[in-house]
Amino acid sequence: MTLLIMVLALLALLALRVPVGVALIVPSLVYILVDPTATLALAAQQATSGVFDFAILAVPMFILLGNLANISGATDRLYDAAVAAIGHVRGSLGYVNILTSFGFSWISGAAISDAAAMGRIQVPAMVRRGYSPGFSLGVTGASSLIAPMMPPSIPAIIYAVTAGVSVGALFMAGIVPALVLVVALSLMVWFLTRGREDLRLEKASRRERVRLGVRALPPVGAAVVILGGILSGIFTPTEASAVGVAYIAILAACYGNLGWEKVRYALATSVETVGGVLIIVAGAALFGWVLAREQAPQVAADLILQITDRPLVFLILANILLLIVGAVLEPTSAILILAPVLVPVAEAFGLSPIHFGTMMIFNLMIGLLTPPVGLVLFVLSSVTKHPVTTVIRGTVPFFVPMLVTLLLIAFIPMLSLWLPGLLGMV
């Protein structure tokens, strides 16, 4: 009964648009005040334990890394190189959009950062070249979901800490699914631009392609430093985040884009984002502790096992739940709330927590393009000055490749497990 009241209280507060961190903390504090065996000192210890986890330190650093990359000019260099390479192909700027997001994802780790950076550059450029605003916004929003799948993925860090799995293994697990998403989105661009011969650019000379390709190499070096360091064992993902920040900061200084105003903006934006994330992490840690005391994972497992004993049916039910939750909750909050409950159930069905985590992350990322929350929708609207309704209409066709990718991730575990297994991480 206590567990039901806790869950209903959380849902009621979320329905009233109370901030997620507060919505998690309030029911937990009421539980502690009512339960004579719990104390406020114990509650404080549980809340801070979530924030002080060593792996969580990577989150603010990777957020800062993405913001520094935005001001450094790295995005522009990646974009110019991609245009030079494939600009002469029909619908080329759609493919450029996807490939630039793929390149930027090795630095960013967050869909919001990708959407802000790509929307600022690519949407106006595509509209000037004859692409409709809806198509331009749709492909930009859909390709932004590549970032949280590729390392250094911020949602992957949050899930890994919450579920107690290796951050490095989850980083590697996202690479093949991200490539599948790249292919699926590219096929949709080909389908939507077929017959549009006007959507070609003049072919760049070989010298120009080489020049712009070389110019884009230093930003790509950030991925080499971060992933190379992690895979070689030189440093942990948390240490890699700090090294990545230093690398991009030096790069920005070399480009002459490290003026005080830009640095202040990057730091202020990062602190604002990190503050909100850490409040949610602390609240989720406390709420999760209460759920554990009330044996919520066991209750959920028993309930689901009464419905079905087939892993396939469980995956279908879990995906439906996650799609609904992703439409109304920000992904970090959803991971922190649902992972402690769903991961033990997935393991009871014999599913790998790494595979389940990859599926969960991408599923919830689709929610970033789904009203009413849809943070990427509002970010694109803000940076491009197009109405949110235009953004929504533009993203609708791209739900087809995204949902196909989700089904492949969910029902072909080797897409997620092959690379970590090859590297001996699982």
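Of the residues Leu145, Leu93, which single one is surrounded by 24 or more Cβ atoms within 10 Å (Cβ to Cβ), touching a helix residue (DSSP H, G or I) at 6+ places or on another chain (Cβ under 7 Å) and more than 30 Å from Val263 (Cβ to Cβ)?
None of the others qualify; the one that does is Leu93.
Confirm whether Leu227 is out of contact with any helix residue (DSSP H, G or I) (no Cβ under 6 Å at 6 or more places or on another chain), open to solvent by less than 50 Å² (accessible area, probe 1.4 Å), within 30 Å of Ser92 (Cβ to Cβ) and not in a loop (DSSP other than H, G, I, E, B). Spell out how you get there, then give the answer.
Numbers: out of contact with any helix residue (DSSP H, G or I) (no Cβ under 6 Å at 6 or more places or on another chain): yes; open to solvent by less than 50 Å² (accessible area, probe 1.4 Å): yes; within 30 Å of Ser92 (Cβ to Cβ): yes; not in a loop (DSSP other than H, G, I, E, B): yes.
Yes, satisfied.
Keeping to the stretch 19-40, report how many residues are assigned to a loop (DSSP other than H, G, I, E, B) and either open to solvent by 40 Å² or more (accessible area, probe 1.4 Å) or among the aromatic types (Phe, Trp, Tyr) (or both).
Qualifying residue count for the region: 4.
Pairs please, first residue from the stretch 362-388 and without any contact (Cβ under 8 Å) to a residue 40 or more places away in the chain, second anywhere and surrounded by fewer than 19 Cβ atoms within 10 Å (Cβ to Cβ) and part of a loop (DSSP other than H, G, I, E, B), Cβ atoms under 7 Å, 6+ apart in sequence or on different chains.
Taking only residues 6 or more apart or on different chains, the pairs are Ser381/Pro387.
Are there any pairs, at least 6 apart or on different chains, whose C-beta atoms fall under 7 Å, with the first in the stretch 408-426 and modelled with pLDDT of 95 or more and the second open to solvent by 40 Å² or more (accessible area, probe 1.4 Å) and not in a loop (DSSP other than H, G, I, E, B), and if so, which?
Listed pairs, sorted by first residue: Leu415/Leu408.
Return the residues of the stretch 334-348 that are open to solvent by 10 Å² or more (accessible area, probe 1.4 Å), more than 14 Å from Gly164 (Cβ to Cβ) and either touching a Ser or Thr at 6+ places or on another chain (Cβ under 8 Å) or without any contact (Cβ under 8 Å) to a residue 40 or more places away in the chain (or both); say none if nothing qualifies.
Leu338
Sort out which residues of the stretch 98-114 are in a helix (DSSP H, G or I), open to solvent by 10 Å² or more (accessible area, probe 1.4 Å) and either under 24 Å from Leu267 (Cβ atoms) or free of Cβ contacts under 8 Å to residues at least 24 places away in the same chain (or both), and write them in order of number. Quick ask: steps written out before the conclusion?
In the first step, residues of the stretch 98-114 are kept if they are in a helix (DSSP H, G or I); the result is 98-108, 111-114.
The next check asks that each one be open to solvent by 10 Å² or more (accessible area, probe 1.4 Å); those that pass are 99, 102-103, 106, 112-113.
The answer is Trp106, Ile112, Ser113.
The values are calculated or read from the model by the stated rules, or taken from the named source; none is laboratory data. Computed from a predicted structure; not experimentally measured. Using ideal geometry, Cβ is built from the backbone for each residue, glycine included, and neighbour counts are taken over all protein chains shown. The area values use the complete protein model at the heavy-atom level, side chains included, leaving out ligands, DNA and RNA. Shrake-Rupley method; radii C 1.70, N 1.55, O 1.52, S 1.80 Å.
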